[in-house]
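The values are calculated or read from the model by the stated rules, or taken from the named source; none is laboratory data. Since we're looking at a predicted model, the values are computed, not measured. Neighbour counts run over all protein chains shown; Cβ positions are idealised from the backbone, glycine included. Just the protein is used for accessible areas: all its heavy atoms, side chains included, with ligands, DNA and RNA removed. Shrake-Rupley method; radii C 1.70, N 1.55, O 1.52, S 1.80 Å.
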Amino acid sequence: MTIHIFNPEHDIALAANLSNFTAPHAGRQLRSDLGFLPALWAKEDDAVLVDDQERAEQSYKRLTQSLKRHLGDDFRAKGVRFVGLKQVGSLENVTRIDPWGWNVAQKAQLKRSGVVDNILPQDDRLEEIRQLSHRRTSAQVLPQLMMEGTIGQSFECFTEIEIEALLGRYDRLVLKAPWSSSGRGLRFVTRDSFTPQVKGWLRHLLEAQGSVMAEPFYDKERDFGVEFWATETGEIRYEGLSLFHTSNGAYTGNLLATERLKREILSRYISTELLDNINEIIKTELTPILKGKYTGPFGVDMMIVKGEKFMLHPCVEINLRRTMGHVALALSPHDDDVVRVMRIAYSEGRYKMNIERVK
């Protein structure tokens, strides 16, 4: 049996790197309200760790009814168990723990709840995952993906002087914290807007995380992602495309559609042959980097950049964890005529997942 966990505060926990970590309120509420989500990809008779079992069962029932209406036979609800922290340590026949992402805080919480060491990752493995989750990994892979039709640069900087030098080369920069969650830890700066306030933020970040990633600003047409799976043998498997929506950098929803239809949408901007070539190089480049250090789902965020012609930025970010794109893939319809949107909405003081028709 596998115990599944939705811990969306994972990226912030990586930055803190503390066993006794308390997530911001929004992260705790997202985990509490949507803790049932792993039931969508869990296997029959697996367990899902949640804050409130009764509420999780009700939310899962509401969502499954909606999914059946929208997806028909493409969706089948599974018999999973919802369990709380007080129960998780006493469950029998547990062979695996599958969180959204592994970090020291998640391991510490499970240990305090009585989960045995032999199904938890070793501390050195957690540190390897943390280092690989640093944004420098995507910066190291990016040059290998450059070819005709692509664009993208990324620099790891350790001083304020390096940022000032880059501002002499580029009109506008995006500064990114090495570890941060969607929409957080970003600053858009120009020579004129590199103010004492921004410099204070930068100095604090350099002290806390050791460096900052700096990238030229690109005029984005649309975001998308490519989802992969790193196997225990070291093979990297392509899972599918993720066409998602953001608002102020924060995730808001995913398109539920066939792979063929998603490829057709992207082909309006770039060659699908280019995309396929990039995906093969990503698998080749990441295989030796991840082998023996990380297994499980991960995603590579990309974007279409405006210009005289559209260009592909092939590696904006590598998310070494499960993503909402993987959730969407678990719900993908098989019929090209069935197109829906999976949204995360905040209303009436709670986060909810809704399935909607495309307007």
**Message:** Kindly evaluate L67 against the criterion of being open to solvent by less than 10 Å² (accessible area, probe 1.4 Å) and modelled with pLDDT of 90 or more.
**Reply:** no
**Message:** Criterion first (charged (D, E, K, R), more than 28 Å from I278 (Cα to Cα) and more than 22 Å from the chain's Cα centre (by Cα)) does K107 satisfy it?
**Reply:** no
**Asked** Tally time: how many residues in region 160-187 are open to solvent by 60 Å² or more (accessible area, probe 1.4 Å) and among the hydroxyl-bearing types (S, T, Y)?
**Response** 1
**Item:** Complete set of residues in region 283-301 that are more than 17 Å from the chain's Cα centre (by Cα) and either open to solvent by less than 50 Å² (accessible area, probe 1.4 Å) or not acidic (D, E) (or both)
**Value:** K283, T284, T287, P288, I289, K291, G292, K293
**Message:** For region 216-255: of the residues being open to solvent by less than 10 Å² (accessible area, probe 1.4 Å) and polar (S, T, N, Q), which is modelled with the lowest pLDDT?
**Reply:** N254
**Fill in**
For S32, the lone unmet condition from (1) closer than 19 Å to M353 by Cβ; (2) polar (S, T, N, Q); (3) in contact (Cβ under 8 Å) with a residue 24 or more places away in the chain; (4) surrounded by fewer than 18 Cβ atoms within 10 Å (Cβ to Cβ) is (3)
**Request:** Being closer than 21 Å to I129 by Cβ and within 25 Å of the chain's Cα centre (by Cα) narrows it down to one of L14, L34, L85, so name that one.
**Result:** L14
**Message:** Quick check on my filter: what residues within region 194-215 are closer than 21 Å to Q153 by Cβ and exposed (fewer than 13 other Cβ atoms within 10 Å of the Cβ)?
**Reply:** G210
**Request:** At least 3 residues that are free of Cβ contacts under 8 Å to residues at least 60 places away in the same chain in each: list the helices (runs of 4 or more DSSP H) lying fully within region 53-170 that qualify.
**Result:** 53-71, 85-88, 104-112, 123-133, 160-167
**Complete:** Over region 262-274, the set of residues open to solvent by 30 Å² or more (accessible area, probe 1.4 Å) and under 21 Å from D74 (Cβ atoms) is R263, E264
**Prompt:** Can you name every residue in region 41-82 that is more than 21 Å from G27 (Cβ to Cβ) and β-branched (V, I, T)?
**Reply:** T64, V80
**Message:** Can you find a residue that is open to solvent by less than 20 Å² (accessible area, probe 1.4 Å) and acidic (D, E) anywhere in region 113-126?
**Reply:** no
